[in-house]
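Asks: Pasting in a structure now, in C-alpha cells, and then I'll have a few things to ask.
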Amino acid sequence: MNYLSYKTVSVNKEHAEKKWYVIDAEGQILGRFASEVAMILRGKRKPCFTPHSDCGDNVIIINAEKIQLTGNKMEEKYYVRYTGFPGGQRIRSVKEQLNRKPIAVLEHAIKGMLPKNKLGDAIYRNLYVYAGPNHPHEAQKPEELKINTIKK
C-alpha cells in the first residue's frame, strides 16, 4: 500500500455537512443533556471533526420548560448576575428562572460547555431553544434525535 496517498482531512465551515436535529428535553437531566447537546453542536461525534472550525450540526431543543435537575438543585442552585452598579448583585434560583425564562437555563448550561472564543460564539448560534413543543424550523426538515440521560 502507498501510505503517501492518505491525507488528513481538515474540514472548514464551507465543506462541513451540517444536519438539523430536533431534541425533546422533556424529563431530561440538565447537565447530562447539555453535555450531549454541546458535543453535537461542536461536531465531536463526526469522523471529520476539526477542532478549529465549526463543523457541528444545528440543534433545535423543544420543551425546555420541562427539564429536570437531580437532588435539591431546583431550590439550592443559583444564577448570579451583576448590574454594574453598587449593590447590584442579583440572585435567582433555578426554579425562579424556569418560571420567568425557561430557555435561559438550558442556554446557560450549554454555552458553558462550548469554547470561550469566537468559535464558541459561532457554534452557539447553531442552537435554537424553545419552551414549548412547537418550533418554526419545519422548512429545514430536522431529524428527531433521541438522547437518553434519564437515570432510573
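The values are calculated or read from the model by the stated rules, or taken from the named source; none is laboratory data. In this text the structure is predicted, and so the values were computed from the model without any measurement. Heads up, the Cβs are rebuilt from the backbone with ideal geometry, glycines too, and the neighbour counts pull from every protein chain shown.
Asks: Which pairs do you get when a residue that is closer than 11 Å to Ile62 by Cα and free of Cβ contacts under 8 Å to residues at least 24 places away in the same chain, found in region 123-152, comes within reach of a residue that is of a type in the set (Asp, Glu) and not in a loop (DSSP other than H, G, I, E, B), reach meaning Cβ atoms under 9 angstrom, with the pair 6+ apart or on two chains?
Replies: Hits for this filter: zero, empty list.
Asks: With the structure loaded, tell me whether Leu106 is closer than 27 Å to Lys141 by Cα and touching a helix residue (DSSP H, G or I) at 6+ places or on another chain (Cβ under 6 Å) or whether it fails that test. Don't jump to the end; show me each part of the working.
Replies: On the way: closer than 27 Å to Lys141 by Cα: yes; touching a helix residue (DSSP H, G or I) at 6+ places or on another chain (Cβ under 6 Å): yes.
Spelling it out, Leu106 is indeed closer than 27 Å to Lys141 by Cα and touching a helix residue (DSSP H, G or I) at 6+ places or on another chain (Cβ under 6 Å).
Asks: Hey, another quick one. Leu30 is checked against (1) under 15 Å from Ile147 (Cα atoms); (2) without any contact (Cβ under 8 Å) to a residue 12 or more places away in the chain and fails just one. What number does that condition carry?
Replies: (2)
Asks: OK, next. For the condition closer than 26 Å to Gln89 by Cα, surrounded by 14 or more Cβ atoms within 10 Å (Cβ to Cβ) and over 14 Å from the mean Cα position of the chain (by Cα), what is the one hit in Lys77, Lys46? I'd like the intermediate steps shown before the answer.
Replies: On the way: Lys46 fails: closer than 26 Å to Gln89 by Cα.
The match here is Lys77.
Asks: Check region 12-21 and report whether any residue there is at pLDDT 95 or above and either surrounded by 17 or more Cβ atoms within 10 Å (Cβ to Cβ) or touching a strand residue (DSSP E or B) at 6+ places or on another chain (Cβ under 6 Å) (or both).
Replies: Here is the first cut: in region 12-21, the ones at pLDDT 95 or above are 19-21.
Remaining after also requiring either surrounded by 17 or more Cβ atoms within 10 Å (Cβ to Cβ) or touching a strand residue (DSSP E or B) at 6+ places or on another chain (Cβ under 6 Å) (or both): 20-21.
Within region 12-21, one or more residues are at pLDDT 95 or above and either surrounded by 17 or more Cβ atoms within 10 Å (Cβ to Cβ) or touching a strand residue (DSSP E or B) at 6+ places or on another chain (Cβ under 6 Å) (or both).
Asks: Output the number of residues of region 80-109 satisfying the condition of being surrounded by 15 or more Cβ atoms within 10 Å (Cβ to Cβ) and hydroxyl-bearing (Ser, Thr, Tyr).
Replies: 1
Asks: Quick check, is Gly56 touching a Lys or Arg at 6+ places or on another chain (Cβ under 7 Å), touching a residue at least 60 places away in the same chain (Cβ under 8 Å), exposed (fewer than 13 other Cβ atoms within 10 Å of the Cβ) and of a type outside the set (Ser, Thr, Tyr)? Spell out the reasoning first.
Replies: Details: touching a Lys or Arg at 6+ places or on another chain (Cβ under 7 Å): yes; touching a residue at least 60 places away in the same chain (Cβ under 8 Å): yes; exposed (fewer than 13 other Cβ atoms within 10 Å of the Cβ): no; of a type outside the set (Ser, Thr, Tyr): yes.
Judged against the criteria, Gly56 is not a match.
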